[in-house]
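**Q** My questions all concern the structure below.
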Protein chains: 2
Amino acid sequence: LSLVRAEIAEQPEVLERMLAEEGGTIGAAAREIARRRPRYAVIAARGSSDNAARYAQHLLGRLVRMPVALATPSLHTLYHEPPRYTDGLVIGISQSGASPDIVAVLDEARRQGCVTVAVTNDTTSPLAGAASHVLALHAGEERSVAATKTYTASIAVLAALVASIAGDRARRSELQGMPEALARQLALGAELDEIVAVAAGWERLAVIGRGADYGTAFEAALKLKELTRIAAEAASPADFLHGPIAMVGDGFPVLGIAPPGPTAAGVRELLDVVRGRGGDTAVIGKGSGDELRLRLIAVPDWLSPLVAVVPAQQLAVGVAERLGVDVDNPFGLEKITRTT
Amino acid sequence: LSLVRAEIAEQPEVLERMLAEEGGTIGAAAREIARRRPRYAVIAARGSSDNAARYAQHLLGRLVRMPVALATPSLHTLYHEPPRYTDGLVIGISQSGASPDIVAVLDEARRQGCVTVAVTNDTTSPLAGAASHVLALHAGEERSVAATKTYTASIAVLAALVASIAGDRARRSELQGMPEALARQLALGAELDEIVAVAAGWERLAVIGRGADYGTAFEAALKLKELTRIAAEAASPADFLHGPIAMVGDGFPVLGIAPPGPTAAGVRELLDVVRGRGGDTAVIGKGSGDELRLRLIAVPDWLSPLVAVVPAQQLAVGVAERLGVDVDNPFGLEKITRTT
């Protein structure tokens with residue numbers, strides 16, 4: 001078994017461990033945030049962690065009505081004009097906690113006196129050292145280059161944090177059911193042979209998701225780029241209609257992320273437009289007619305990203321295996337990317 | 001002459017008209033913003049306007065140190081849980097001012113009592129009606145589907161607004177020189193024959209830019225997608241290194257946006273990595289060796305997006321013409337996209 005297959009399979013137990021062990025730190029961070037009442041949040045992250053940040057942006061808006069900015073590290077590292085984070089909550093997300101640009105944002109925010117939170121798999125990392133609250137992923141070492149278990153663990157930590165800030169016990173308890181849901185979702189991976197065979201022929205792709213699953217679309221596209229070199233572009237249905245839809249003609253493949261919930265209808269409509277232009281559609285969630293479909297286990301819609309990313313991970317690895325890619329070390333990527 | 005060629009050529013006079021006529025409204029908006037001291041800004045936009053928003057995000061951080069969030073309209077239109085924009089500045093950018101999702105964000109922000117600003121080419125549009133300050137683009141009707149003159153006009157209005165909030169007269173005066181610089185940049189379009197011939201063979205592409213020109217990279221990629229169907233993905237050098245670089249192998253083309261300034265070295269380094277992997281590079285700005293190069297007129301680096309986008313517009317139209325695309329109505333796109 002490849003490392004990445006093993007790490008994908010570990011996701012339920014990682015989640016279970018994180019939920020069992022991280023309640024105290026999450027509660028402490030949530031209490032300070034609830035007490036200081038930041039007006040907005042800023043999140044610094046790269047790669048898969050940036051896709052987890054997109055989910056946090058959605059959830060902080062939805063559950064605690066907080067506007068969220070994704071950070072612009074270049075203002076810190078290249079322009080030396082960092083923003084004033086007055087009345088802000090600043091969150092850094094990084095598996096390794098080692099990327100200097102992300103650390104620079106947290107360092108500055110702490111210096112300015114903000115509430116700062118690090119979400120990381122390495123509690124001894126520079127990022128952890130820079131933050132006043134450190135939320136650990138408990139994922140164990142991730143050895144495959146493509147992030148999988150640290151992505152779902154990041155999503156889950158952020159979901160727990162936001163539900164705690166909201167003081168929403170019902171949602172906290174829904175989260176407890178997710179390790180078991182994730183295990184059931186993983187078991188559906190055996191159904192993917194047909195779509196893997198088709199996807200092995202894709203060279204370009206659009207991945208469409210919105211709301212809770214906007215970040216899922218970006219993470220699915222990133223896994224496909226990293227593992228298979230498919231030129232996969234992620235967008236919301238609305239953004240895709242404002243121009244990029246031009247690319248879609250005969251045979252152009254589009255993958256929709258459509259778990260049940262408020263965004264499913266809009267993704268479905270977009271896929272119908274794609275089919276009207278002669279494009280080919282596949283869907284994670286509810287499909288229509290003869291469409292390629294990756295089924296999802298039913299979960300509360302605010303937690304759909306935890307299960308919806310799994311078939312995308314399995315699809316990317318399946319295609320990579322079929323293409324003969326070294327799935328644990330694809331295309332000369334390195335595990336830790338230090339950017340400034 | 002096509003409409004899009006004519007509209008690209010009109011850009012200097014549009015800029016000149018906007019600067020001559022919009023000083024009063026920009027000053028009034030800047031005064032209210034300086035008086036109310038919002039802690040952060042939220043910008044709602046789609047398509048090319050969203051790329052102008054990326055520039056505004058950079059500039060508000062850099063010149064007035066304000067963190068900027070790009071809005072999540074789905075929280076308004078699908079989840080019915082709009083964020084609280086307390087102490088925020090909320091800006092909507094839309095050529096037509098007609099997209100319901102963007103209007104919904106401004107409506108809600110005004111209802112909450114925020115300072116609201118609309119940047120639009122139609123001062124009778126729903127977006128203009130929703131905002132307390134309306135900044136007009138003065139672009140005249142834009143008839144080609146691909147936005148060009150409304151994009152540079154949006155960039156310039158936002159530059160003027162931020163410089164005014166900062167009370168920076170030197171920068172306001174630098175802006176006055178841009179119509180002439182833009183005219184000189186347009187005149188370099190005759191040099192593009194070689195790169196147009198090469199780019200007509202591209203099916204995939206990465207466009208790399210950062211800081212002031214992060215939005216330029218996205219706008220260049222969008223023009224190429226809309227007009228030529230090239231699967232163009234934009235990223236900062238740092239984001240590109242965190243995964244997407246995997247796509248780059250022999251012959252994979254990467255276009256760098258590298259005007260002189262704090263980001264040029266990082267873009268240059270990324271292009272060198274690309275060449276080390278066997279990829280092909282082209283650059284808008286300073287090139288190296290045998291690289292395809294699109295030259296830029298020298299301008300103050302905070303205003304580089306006004307000139308750096310021009311060769312990208314010319315390249316996209318040139319490739320489209322060569323491929324026989326109907327450049328004014330490419331691939332069934334419509335001029336006004338109303339999304340919710």
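The values are calculated or read from the model by the stated rules, or taken from the named source; none is laboratory data. A quick note: this is a predicted structure, and the numbers were derived from the prediction, not measured. Reconstructed Cβ throughout: ideal geometry from the backbone, glycine too, with neighbour counts over all protein chains shown.
**Q** Please list, ordered by first then second residue, the pairs with beta carbon atoms under 8 Å, 6 or more apart or interchain, first in the range A:247-260 and at positive phi, second charged (D, E, K, R) and at pLDDT 95 or above.
**A** Final answer for the pair search is A:251/A:280.
**Q** Still on this structure, please answer the following. Output yes when any residue across the range A:176-199 is among the small types (Gly, Ala, Ser), within 26 Å of residue A:117 (Cβ to Cβ), buried (at least 23 other Cβ atoms within 10 Å of the Cβ) and at pLDDT 95 or above, and no when none is.
**A** no
**Q** Continuing with this model, one more query. Can you confirm whether residue A:19 is aliphatic (A, V, I, L, M), surrounded by fewer than 23 Cβ atoms within 10 Å (Cβ to Cβ) and in a helix (DSSP H, G or I)? If you could, list the steps in order and put the result at the bottom.
**A** Numbers: aliphatic (A, V, I, L, M): yes; surrounded by fewer than 23 Cβ atoms within 10 Å (Cβ to Cβ): yes; in a helix (DSSP H, G or I): yes.
Yes; evaluated as a whole, the condition is true for this residue.
**Q** Restricting the range A:29-51 to residues that are part of a strand (DSSP E or B) and aliphatic (A, V, I, L, M), which is nearest to the other protein chains (Cβ to nearest Cβ)? Give the steps one after another, and end with the answer.
**A** Initial filter on the range A:29-51 (part of a strand (DSSP E or B)): A:40-45.
Of the ones still in play, those that are also aliphatic (A, V, I, L, M) are A:41-45.
Working: A:41: 9, A:42: 5, A:43: 10, A:44: 11, A:45: 9 Å.
That would be A:42.
**Q** Take the conditions basic (Lys, Arg), out of contact with any His (no Cβ under 9 Å at 6 or more places or on another chain) and surrounded by fewer than 21 Cβ atoms within 10 Å (Cβ to Cβ) and apply them to residue B:65. Does it pass?
**A** Values: basic (Lys, Arg): yes; out of contact with any His (no Cβ under 9 Å at 6 or more places or on another chain): yes; surrounded by fewer than 21 Cβ atoms within 10 Å (Cβ to Cβ): yes.
Yes, satisfied.
**Q** If you go through the range B:59-79 one residue at a time, how many are facing another protein chain (nearest Cβ under 7 Å) and under 30 Å from residue B:168 (Cβ atoms)?
**A** Looking only at that region, the number is 7.
**Q** Still on this structure: Does the range A:76-86 contain any residue that is at pLDDT 95 or above and part of a helix (DSSP H, G or I)? Step through it out loud before you land on a result.
**A** To start, the set of residues in the range A:76-86 that are at pLDDT 95 or above comprises A:76-85.
Now narrow it down to the ones that are part of a helix (DSSP H, G or I): A:76-77.
Scanning the range A:76-86 turns up at least one residue that is at pLDDT 95 or above and part of a helix (DSSP H, G or I).
**Q** Could you check the range A:281-290 and list, in sequence order, the residues that are more than 25 Å from the chain's Cα centre (by Cα) and either within 13 Å of residue A:194 (Cβ to Cβ) or modelled with pLDDT of 90 or more (or both)? Steps first, answer last, please.
**A** Filtering the range A:281-290 for residues more than 25 Å from the chain's Cα centre (by Cα) gives A:288-290.
Once the filter is applied, which keeps residues that are more than 25 Å from the chain's Cα centre (by Cα) and either within 13 Å of residue A:194 (Cβ to Cβ) or modelled with pLDDT of 90 or more (or both), the range A:281-290 yields only A:290.
**Q** Is it true that residue B:163 is of a type outside the set (S, T, N, Q), assigned to a helix (DSSP H, G or I), at pLDDT 95 or above and crowded, with 24+ Cβ neighbours inside 10 Å? Before the answer, list the steps.
**A** On the way: of a type outside the set (S, T, N, Q): yes; assigned to a helix (DSSP H, G or I): yes; at pLDDT 95 or above: yes; crowded, with 24+ Cβ neighbours inside 10 Å: yes.
The answer is yes for residue B:163.
**Q** If you take the residues in the range A:235-244 that are more than 7 Å from chain B (Cβ to nearest Cβ) and assigned to a helix (DSSP H, G or I), which one is surrounded by the fewest Cβ atoms within 10 Å (Cβ to Cβ)? Can you show your working first?
**A** Restricting attention to the range A:235-244, the residues satisfying the condition of being more than 7 Å from chain B (Cβ to nearest Cβ) are A:235-237, A:240.
Now restrict to residues that are assigned to a helix (DSSP H, G or I): A:237, A:240.
Numbers: A:237: 25, A:240: 28.
If we take residues in the range A:235-244 being more than 7 Å from chain B (Cβ to nearest Cβ) and assigned to a helix (DSSP H, G or I), then A:237 is surrounded by the fewest Cβ atoms within 10 Å (Cβ to Cβ).
**Q** A further question on this structure: In this structure, is residue B:72 buried (at least 24 other Cβ atoms within 10 Å of the Cβ) and among the hydroxyl-bearing types (Ser, Thr, Tyr)? Can you show your working first?
**A** Working: buried (at least 24 other Cβ atoms within 10 Å of the Cβ): yes; among the hydroxyl-bearing types (Ser, Thr, Tyr): yes.
It is true that residue B:72 is buried (at least 24 other Cβ atoms within 10 Å of the Cβ) and among the hydroxyl-bearing types (Ser, Thr, Tyr).
**Q** Among the residues of the range A:263-272 satisfying the criterion of being buried (at least 18 other Cβ atoms within 10 Å of the Cβ) and in contact (Cβ under 8 Å) with a residue 24 or more places away in the chain, which is farthest from residue A:59 (Cα to Cα)?
**A** Of the residues in the range A:263-272, the ones buried (at least 18 other Cβ atoms within 10 Å of the Cβ) are A:263-264, A:266-268, A:270-271.
Those still in the list that are in contact (Cβ under 8 Å) with a residue 24 or more places away in the chain too: A:263, A:266-267, A:270-271.
Working: A:263: 14, A:266: 19, A:267: 19, A:270: 24, A:271: 25 Å.
Ranking the candidates gives A:271 first.
**Q** Before we move on, is residue B:232 farther than 26 Å from residue B:160 by Cβ, facing another protein chain (nearest Cβ under 10 Å), modelled with pLDDT of 95 or more and in a strand (DSSP E or B)?
**A** Numbers: farther than 26 Å from residue B:160 by Cβ: yes; facing another protein chain (nearest Cβ under 10 Å): yes; modelled with pLDDT of 95 or more: yes; in a strand (DSSP E or B): yes.
Judged against the criteria, residue B:232 is a match.
**Q** Okay, next question. Restricting attention to the range A:80-104, which residues are within 15 Å of residue B:211 (Cα to Cα), more than 23 Å from the chain's Cα centre (by Cα) and either buried (at least 20 other Cβ atoms within 10 Å of the Cβ) or more than 9 Å from chain B (Cβ to nearest Cβ) (or both)? Walk me through how you get there before you give the answer.
**A** Just the residues of the range A:80-104 that are within 15 Å of residue B:211 (Cα to Cα), to begin with: A:80-83, A:101.
Retained after the next criterion (residues that are more than 23 Å from the chain's Cα centre (by Cα)): A:80-83.
A:82, A:83, listed by residue number.
**Q** Let me ask something else about it. Only one of B:98, B:153, B:147 is more than 19 Å from residue B:15 (Cβ to Cβ) and either among the small types (Gly, Ala, Ser) or part of a strand (DSSP E or B) (or both); which? Step through it out loud before you land on a result.
**A** Details: B:153 fails: more than 19 Å from residue B:15 (Cβ to Cβ); B:147 fails: more than 19 Å from residue B:15 (Cβ to Cβ).
Going through B:98, B:153, B:147 in turn, the sole match is B:98.
**Q** If you go through the range A:31-49, how many residues are on the phi > 0 side of the Ramachandran plot and more than 23 Å from the chain's Cα centre (by Cα)?
**A** Count: 1.
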